Amino acid sequence: MNHNDFMKKALSLAEKGMGFVSPNPMVGAVIVRDGIIIGSGWHRKYGELHAERNAFADCDSRNIDCNGADMYVTLEPCCHYGKTPPCTEAIIEHGIKRVFIGSSDPNPLVAGKGAKILREHGIEVYEGILREECDELNRIFFHFITTGLPYVTMKYAMTIDGKIACYTGESKWITGEESRHDVQIQRLRHSAIMVGVGTVLADDPMLNCRLENGRDPIRIICDSTLRTPLESNIVCTAESIPTIIATISEDEKCIREYEERGCRILKTSSENGKVNLRELMTALGKEKIDSILLEGGAEMNWSALESGIVSSVLTYISPKIFGGKDAKSPVSGTGIPQPDGAFMLEKSSITYIGDDILIESRVKNVYGNS
C-alpha cells in the first residue's frame, strides 16, 4: 500500500460519521507502521473524540505502541481546546514520526497552526495527500466555517421531459426505489430539510429519514401566513422531531398554537410578501445548522435560486415521459427574461442509480461566497 491507499482508507472511515458529527467535519485517521495499519478511527459523533484520538484509543485497547509510526488523517489536526482537547497534543504525546494530511482546515482556530505545531515538535508533516477527495468530503463544513451560512442543496426528481408531476398533479413515483433510497441518504447527510407550506398542504409529508439507525433532519417549513394544518404530520410529530416554521405572520394566537404542539416559530422580515430566505439562512447558521436539503416544490425552488442561497443541485432523472402543457416543471416563479441571465451550474457529475440518472451540479455565485 502507498500513501494514497492509506488516505483512501482514512476517507472511508471518515464517511462513517456522516449525519452525526455536524457541524464538525467528517474526519478519518489511520496509524501505520512498516506499511501495515496498526490503528484506525473516525469522528463518530459531535462532542465526542476526534478521529486521531479514536485511532490512538484503538491502538491503546490492543496495547500497541505508536511511537515512531506514521499517521494519515483526512483533515489537518486541530490545535485548540473545544469539546475535546487538541489532537496535536495526542499526536505529540504518542511519538508519531510523520503525519500525512489530506485537507487543510479553513477554521481560523486551526488554519495551518496544527501543521505548524507538529513541525515545531520535530514531526514531519506532508500535506495535500488526495486533497481533492478530502476537500470534497467536507464541502459542507468548508462552506459553513467560512461563511457562517448553511450549505443548501436543492433536490428534485423529474422525468426525462422535465416534469415533476402529471398534469393531474400525481407524482408517485417518478423515480425508482434506488433513487428514493439515495434521497434518504441525502436526508442523513444534511442537518435539516426544508420545504414550503405548499408541499405540506399537497402531500402531508413526514420529512424524516427512513434509514435503519439513521437520524431525522431538523424540519424547516417556510410558511409566510401560517397555513400549516395543526393536524398535519409535521405538527403532530414536532415534539419528537425538531421542527421550525419560518413565517412573517404577526398572529400571536396562531403562533402559540404551533408552539404548544412543539414547533418553533422563527420570524423574518417580508420579502415580496414571503419569508426572507437570506435572513432565514443567517438565523439558521447562528444555530449551527450547517446544511439544508431543499425538497420544496417549483415555487420554493425558484425563490431559493432567486435569493441566491442554493449551493448545489441534485437532479434525479427518470427515463419516463409525462408530457402535458400544464404539467409542472422543477422550477417555476417569474423566470429569467434572457438566456444570458440564467442561473449557471458547474462541476456537474453524473451517476447512474438503477434505471435513473443523478446529476449533481454546483451553483455559481452563491450568497455568502461572493
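The values are calculated or read from the model by the stated rules, or taken from the named source; none is laboratory data. Note that this is a predicted model, so its numbers are computed, not measured. Because the Cβ atoms are built from the backbone with ideal geometry, glycine has one as well, and the counts that use them run over all protein chains shown. Accessible surface areas use protein heavy atoms only, side chains included; no ligands, DNA or RNA. Shrake-Rupley method; radii C 1.70, N 1.55, O 1.52, S 1.80 Å.
A few remarks follow.
- Surface accessible to a 1.4 Å probe, ARG53 within the full protein complex, Å²: 50 Å²
- Among LEU118, LEU109, LEU280, residue whose mean-square fluctuation peaks in a GNM of the chain (springs only between Cα atoms under 10 Å): LEU109
- For ILE218, net neighbour charge (Lys/Arg +1, Asp/Glu -1) across residues whose Cβ lies under 15 Å away: +2
- Cα gyration tensor shape for region 125-172, rounded if a/c is under 1.5, else prolate or oblate: prolate
- Highest to lowest packing among 237-246, 353-362, scored as the average C-beta count within 10 Å: 237-246, 353-362
- Where LEU137, LEU314 fall by accessible area, highest first, once all protein chains stay in place (1.4 Å): LEU137, LEU314
- Fraction in percent of alpha-carbon pairs per bin - 10 Å, region 137-236: 13, 37, 37, 12, 0
- Taking the Cα centre of region 1-147 as reference, the dipole from Cβ charges on Lys and Arg (+1) and Asp and Glu (-1) amounts to some 220 debye.
- For region 243-370, averaging the sequence separation of C-alpha pairs within contact (under 8 Å, six or more residues apart) and dividing by the residue count gives a relative contact order of 22 percent.
- Loop GluC sites (Glu not before Pro), region 144-182, which have at most 14 other Cβ atoms in a 10 Å radius of their Cβ (DSSP): GLU170
- Net dipole in debye of region 1-72 [+1 Lys, Arg Cβ; -1 Asp, Glu Cβ; about Cα centre; nearest 20]: 240 debye
- The tail of the calculated P(r) for region 26-184, taken as Cα-Cα distances beyond 29 Å, holds 34 percent of the pairs.
- Relative contact order computed over region 301-370 (Cα-Cα under 8 Å; 6+ residues apart), in percent: 47 percent
- Simple Cβ-charge dipole of region 226-370, Lys/Arg +1 and Asp/Glu -1, about Cα centre, in debye nearest 20: 240 debye
- Relative contact order computed over the chain (Cα-Cα under 8 Å; 6+ residues apart), in percent: 15 percent
- Estimated D of region 6-54 in µm² per second, where Rh is the Kirkwood radius over Cα pairs and Stokes-Einstein applies at 10 °C, 1.306 mPa s: 150 µm²/s
- Cα-Cα over 28 Å, subset of LYS274/LYS320; LYS16/LYS274; LYS45/LYS286; LYS9/LYS83: LYS274/LYS320; LYS16/LYS274
- Rounded to whole numbers, the Karplus 3J(HN,Hα) couplings from phi for region 351-364 are 10, 8, 10, x, 7, 9, 10, 10, 10, 10, 9, 9, 9, 6 Hz, using 6.51 cos²θ - 1.76 cosθ + 1.60 with θ = phi - 60°, and x at Gly and Pro.
- Percent of beta bridges antiparallel (DSSP, region 1-147, rounded to nearest 5): 55 percent
- The angle between the Cα long axis of helix 3-14 and the longest principal axis of the Cα atoms of the chain comes to about 50 degrees, rounded to the nearest 10.
- Unit charges at the beta carbon, dipole of region 1-117: most positive-side option, TYR46, CYS79, CYS59: TYR46
- Global form of region 54-114, assessed from the alpha-carbon gyration tensor, a/c cut-off 1.5: prolate
- Per-selection Rg to Rh, region 107-188 - Cα, Kirkwood hydrodynamic radius: 1.24
- Largest accessible area first, the listed residues MET1, MET206, MET7 line up as MET1, MET206, MET7 when surface is computed with a 1.4 Å probe on the assembled protein chains.
- Positive-end extreme of charge dipole, region 264-364 - chosen from ALA298, GLY333, SER269 (charges on Cβ): SER269
- Degrees between helix 177-189 axis and first principal axis of the chain (Cα, 0 to 90, nearest 10): 60 degrees
- Farthest positive-ward along region 168-309 dipole, Cα basis, beta-carbon charges - from PRO205, CYS236, GLN184: GLN184
- Projected onto planes of every orientation and averaged, the convex hull of the alpha-carbon atoms in the chain covers 20.5 nm².
- Averaged over its residues, region 272-336 has an accessible area of 42 Å² per residue, based on protein heavy atoms and a 1.4 Å probe.
- Spin-label model distance (nm) - ASN67 vs GLU15, 7 Å beyond Cα toward Cβ: 3.7 nm
- Fraction of antiparallel bridges per DSSP, the chain only, in percent to nearest 5: 40 percent
- Each of GLU170 and ARG139 was given a label point 7 Å from its Cα along the Cα-to-Cβ line. The distance between the two points is 3.6 nm.
- Accessible surface of region 134-208 [probe 1.4 Å, protein heavy atoms]: carbon and sulfur percent: 52 percent
- Built amide H within the under 5 Å cut-off of VAL125, gap 5+: VAL99
- Paramagnetic reach from THR84 (point 7 Å along Cα→Cβ, amide N under 15 Å) across region 32-70: 40-61
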